[in-house]
Structure formats: structure tokens, C-alpha cells
Amino acid sequence: MGSKIIADVVQFSKMLRSLQDDCKDSCIYDEDVQILRVNGGKHLHNIYTGDRPVFICEKTAPQIDHEDDKMDETHSDDETHSDDETNHEVKIELGPQPLTIMKARQLLSWYTMSQNSIVSPAVSPADLLPPAVSPAPLLPLWVRCDMADPAGTTWLGAETACTGNKVSGVKLYAVTCAGSTVDKGAFITLDELKQEHKRRHHPSMMVARGTAQYSLFGSTVVENTTIESQSSVTVDFRWSHVETILETPPLSSMATLNIKVSSGDMRSPMYLLYKELEFLQILADGLRTGETEWMEPVETRSAVQMTREYLDELQNTVKTLQDQSTKEAVKVKTEMGTSETETEIFNSLMERGDLDFIEQLWVRMRNSVTSYQDVGDCLKMVIKALQYGDIKPWIHRDSSSSLSKLILQSYHHQMDHVSLTGLTPVHMLLEMGLDKMRKDYINYLIGQDLTTLNHLSYYLSTVEDLQEQVIRLRKLHHLLEIMVTCSTFLCLPYDRLFFLTQEQAVSWGVEVSSGNGPREVKTSWLLSDKPLVEHIIFETDETTVNGDSEDAAYFTTMVCCSLVNFAA
């Protein structure tokens, strides 16, 4: 073995060992190779099923100097620019970049040699591996490949196979991919996949296991436009004894429901409540920074006009204030992007008929204020009406806002002076919104017998400062988002069950395996509606439509494994 190879193995393994033992995230090897220590499942998607950390090698990403597009429009090609002008270029970082197949194989050979106890004494000097120390096996190594070989290799990988505490061999992986196609005749057959496994491993017995994933809720494509969603509901199926490619999961399958919830999805039944909470956050940010980015008003009438009309209405009404509150309870309208039935059901549960004066004022101001001036002017009108006894509004007994205290004082004609200057009006408006939204959440959670006030005490506390109160209310909102999503989709009404019976799987895979324990080897074949590698750009075959049936275009990925045993 040449001294140059030995030196390369030592240097490379020493760098991997440093990343592993020191828990570093990344390093640069030999200038053009970047090594990352990451979660394997997150970066390798369905290719790697382990949840342990792995090393990923990729080409060091270059930075592209991208000048302002206007420069080309305003200057001719032969015109020179000063150093100051060129310094305004924007650095654009490319995504993950692959290495050549030759480089990838070299890195994997160094990894394999460093783990072979027969070779390691020759390649591991005393300062790297002291004789008294038996180091833990290195984490798995995966290398991004440029797909330039005839097989179309996108990944090469290696991980140690251990017998007890001793490394007895290395499993080598090769991942090949192909662009999307709707031609199912181009797919490999199950018999061909089994023959490929037999050719590599000569097993006496094989097992074929299947996986499939269906999407019940998530990003959708409408007229060639993708509507992105951070929330999703998917079902994963796993079963044994696969008989054909793309077969439907049998009734004996193990099914796992995956629910991912992200606030702000327009199709969520809670979207309107989220927008109200978003306005609360804007007010809180304004108090903290002194600057407020006001939302576009929902109402066409000004905030001052709406407040004036509301005060006039209170003065002229002959009904009791509580009846008035019931009559004026704000009706939320169904917006686009979610099932109308789901939204109506949720709104009927969230809708309150007991909105008091401050809560109704909050609703009007939230939908119309666009400036600090608006907030101050509206509150001035309210306080003036209270001082002159024009209104004697009804409020909830447990209201804790500054305005509620003034209203209680007005009952006895002894109101404190309030200077509506600076950020005081915004502070008062934020208190009003917090009071109202806390009651909204209580109304739903307690009304549905989902919890008790004692269990909600952390989220509903008014002892903390306003910033902390907003944070806790957002946490409660996220909790409610999860509960509503579960109640919406776990019931699985007809339109959701329809997806399982008619819609194409978003991914489907079969895994042929043999051997046991550290000697188990697998050959996998995967179909997916999106490519499983992010460092290669594939050509996409358009989905074909035949009458009322639609054939999905799938990307194909094949993962082959070889076991290399070390001599005893």
C-alpha cells in the first residue's frame, strides 16, 4: 500500500473522527469537499431510514456574484465600473453540489480502510488511535454524486456492520434515480427486483415488504399552479408479502397517521382566528419596537366612523345591553381555501353570543384601524362618552383591561384621568384583544369538555407582562390548531375517505431483504411524486389525462446494498 494512500486515509478518517467526537456540524476537506454531520433521515429522505446522525460529503458550494439586473440596462458592455460599484454585487449561494463518481468512490474506500482492523494499524498512527483506546465505529458516510455514470448514480454510501463491539465489515450503498414518467410499463417488475437481489447476495430466503403514503391534506396543484401548505395530513402504510409493483396496501397493513400543523393555512377552519391573533402580535411588536406595520383593513369604513356609529347605537337602543350583545355578536364569514362545512361547524362552536361592549369594540377596531391616530381617536370618543354618562356599557365581570377598569369607575362617576399619548392607546387596545381572545379559546375548549380552567391557568394568566401573555396565547392557539385538525380529519368523512380509494399514492416502495442482524442486506425500489435527491435537476414528464382518470408521474429511485466482510 502506497504511503500517499495511507496518508490520505489517515487525514480523512481523522477529520471524520473530529466531527463525530467533537459534535461539530461541518468542515472543509481538501478545499473542494464539504463534510456535514446531519440527521440522516432528514437529508436522505426515504433512501435512508435510520434516525442516527450521518456524514454527508458534497462539493464545496461556490458563491456566484450576481450584479443588480439594472446595471446591464443602464451601462454598456465596454463601460468600466469603480471598485465601489462592483462591491455592491450580491453573493448567491447554490444548493448542495455533487461530487464526481470517481471522487465519491475514493472517499468511500478511505472510509472502509479506516474501519478495517487488519488495515487500521498501518493507517492509524499512535496520535490518532492510541493502542489502549478502542474507538467507536464511525458514523455512516454518504456522498452526493453527479449522476454522470451510465447507471445514473446519485448517492454512494457506507456504514459499518458490527459483531458485538467489533467492526466486522462495511455495507456499501449505491442509489440510482430516473426522471419522472407516467409510463408504468417502464417500471421494474417485482421478479426483476428479486433477481437483482439474488445476483448480489445469493440468499436462500428473501422477504418483500411494501410501503405507501397517501396525502389527505397538504399542498395541492390547481391548473398547473401549486398551492403550498405547511400543514399536512398523510397516511403511511407498511405491509409484508408484496406481490406486484404499485399494489394497493392490503387490509393487514399497518397504518400510521401523520399530522403536521402550521398556523396561518388559509384552508384551516381556524384561519380567521389566526388572523385575529396575528393582529394581536402586530400590536405587541409595536409596543416592543415602537414601530407598527398595520394590516390592511377589512372594513371600508374608517375606524372612527365605526366607533362613532357603535356609540350612537348604544345610546339609542331600548333593549337591554345583554340582548344587544347577543344581537351584535360578530358573525365570521367563510373564506376561500377550506371546506365550507368544516369551517361552518368550527365557527358555530367558536361563535359567542355574549360579546360585551369592549369585545365588540375590539372587533370593530381590529377590522378598521390603520394608524396610531386611529386607535387614539377611537378610545378618546369612548372615554368621553363614559365621562359624560352617554353610555353605561355591560362588560364581563372578569375583564382585566385598562378600559374595563374605567368602565367600572364610570358606574360611580369617578373615572381616573388617562393620557392617550405615545403608545398608551396601543397598550389599551392590546389588553382588549387579549381579554377577548382568551374568552374565545375558553368558550371552545370548555364548551367541548376538552379541558378545565385549572389546566388552562398557564395560558390564561394575566399576571405576566403583555409580551408574555401574547406568547402564551399563541401557544394555546397552536394547541387548538392541532385539536381542530385532528377532529377534522380523524373523523374521516366521505370526501376524505375518497382520497384513499381514488387518489394516487404520493410515494410507493418495495424492499427485498435477506439475512439477519448486521448481515441483513436490502434492495429497495421507490416511486415518488417528487425527486428524493436535491442536488440533481430532473426532467419532469407532464401528467397525462385520459378521460376522467389521471395517471400520476413518478420519479424512480433504486437502492442497492453490498456487504463487504473484513477478514477475522
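The values are calculated or read from the model by the stated rules, or taken from the named source; none is laboratory data. On a predicted model such as this, the values are computed, not experimentally measured, just so you know. Backbone-built Cβ (ideal geometry, glycine too); neighbour counts: all protein chains shown. When the accessible area is computed, the model is the full protein with side chains, heavy atoms only, and any ligands, DNA or RNA have been set aside. Shrake-Rupley method; radii C 1.70, N 1.55, O 1.52, S 1.80 Å.
Only one entry of Leu257, Leu314, Leu246 meets the criterion of being surrounded by 13 or more Cβ atoms within 10 Å (Cβ to Cβ), under 25 Å from Leu434 (Cα atoms) and of a type in the set (A, V, I, L, M), and that entry is Leu314.
Among residues of the range 392-405 being over 19 Å from Ala303 (Cβ atoms) and hydrophobic (A, V, I, L, M, F, W, C), the one that is most open to solvent (accessible area, probe 1.4 Å) is Trp394. The set of residues in the range 169-189 being within 21 Å of Tyr48 (Cα to Cα) and of a type outside the set (D, E, K, R) consists of Gly169, Val170, Leu172, Tyr173, Ala174, Val175, Thr176, Cys177, Ala178, Gly179, Ser180, Ile188. So which residues in the range 407-430 are of a type in the set (Ser, Thr, Tyr), surrounded by fewer than 14 Cβ atoms within 10 Å (Cβ to Cβ) and more than 49 Å from the chain's Cα centre (by Cα)? Answer for the range 407-430, where residues must be of a type in the set (Ser, Thr, Tyr), surrounded by fewer than 14 Cβ atoms within 10 Å (Cβ to Cβ) and more than 49 Å from the chain's Cα centre (by Cα): just Tyr411. Among the residues of the range 368-391, those identified as in contact (Cβ under 8 Å) with a residue 60 or more places away in the chain and open to solvent by 20 Å² or more (accessible area, probe 1.4 Å) are Thr370, Ser371, Tyr372, Asp374, Asp377, Met381, Asp390. Any residue at all in the range 322-336 that is open to solvent by less than 40 Å² (accessible area, probe 1.4 Å), part of a helix (DSSP H, G or I), more than 24 Å from Ser231 (Cβ to Cβ) and at pLDDT below 95? For the range 322-336, residues open to solvent by less than 40 Å² (accessible area, probe 1.4 Å), part of a helix (DSSP H, G or I), more than 24 Å from Ser231 (Cβ to Cβ) and at pLDDT below 95: present.
Conditions tested, residue by residue: (1) closer than 30 Å to Gly164 by Cα; (2) under 26 Å from the mean Cα position of the chain (by Cα); (3) modelled with pLDDT under 80; (4) not aliphatic (A, V, I, L, M).
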position: Asp529; (1), (2), (3), (4): no, yes, no, yes
position: Thr540; (1), (2), (3), (4): no, yes, yes, yes
position: Val545; (1), (2), (3), (4): no, no, yes, no
position: Ala553; (1), (2), (3), (4): no, yes, no, no
position: Thr557; (1), (2), (3), (4): no, yes, no, yes
position: Cys561; (1), (2), (3), (4): yes, no, no, yes
position: Asn565; (1), (2), (3), (4): yes, no, no, yes
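One residue stands out among those in the range 1-32 that are open to solvent by 90 Å² or more (accessible area, probe 1.4 Å) and under 17 Å from Pro140 (Cβ atoms): the one that is farthest from the chain's Cα centre (by Cα), which is Asp21.
Whenever a residue of the range 462-479 is closer than 15 Å to Glu431 by Cβ and open to solvent by 30 Å² or more (accessible area, probe 1.4 Å), its partners that are in a helix (DSSP H, G or I) and aliphatic (A, V, I, L, M), lying with C-beta atoms within less than 7 angstrom and at least six residues away or across chains, give the pairs Gln467/Ala284.
Of all the residues in the range 508-519, those that are more than 10 Å from His201 (Cα to Cα) and assigned to a loop (DSSP other than H, G, I, E, B) number 1.
For the range 224-281, filtering for residues that are at pLDDT below 90, β-branched (Val, Ile, Thr) and either in contact with a strand residue (DSSP E or B) (Cβ under 6 Å, 6 or more places away or on another chain) or under 17 Å from Glu481 (Cβ atoms) (or both) leaves 5. Whether a residue is outside any loop (DSSP other than H, G, I, E, B), of a type in the set (D, E, K, R) and at pLDDT 90 or above was assessed, and Asp285 passes this test.
The one condition from (1) touching a residue at least 12 places away in the same chain (Cβ under 8 Å); (2) outside any helix (DSSP H, G or I); (3) within 14 Å of Gly286 (Cβ to Cβ) that Val418 does not meet is (3).
Is one or more of the residues making up the range 438-456 in contact (Cβ under 8 Å) with a residue 40 or more places away in the chain and aliphatic (A, V, I, L, M)?
Looking through the range 438-456, none of the residues is in contact (Cβ under 8 Å) with a residue 40 or more places away in the chain and aliphatic (A, V, I, L, M).
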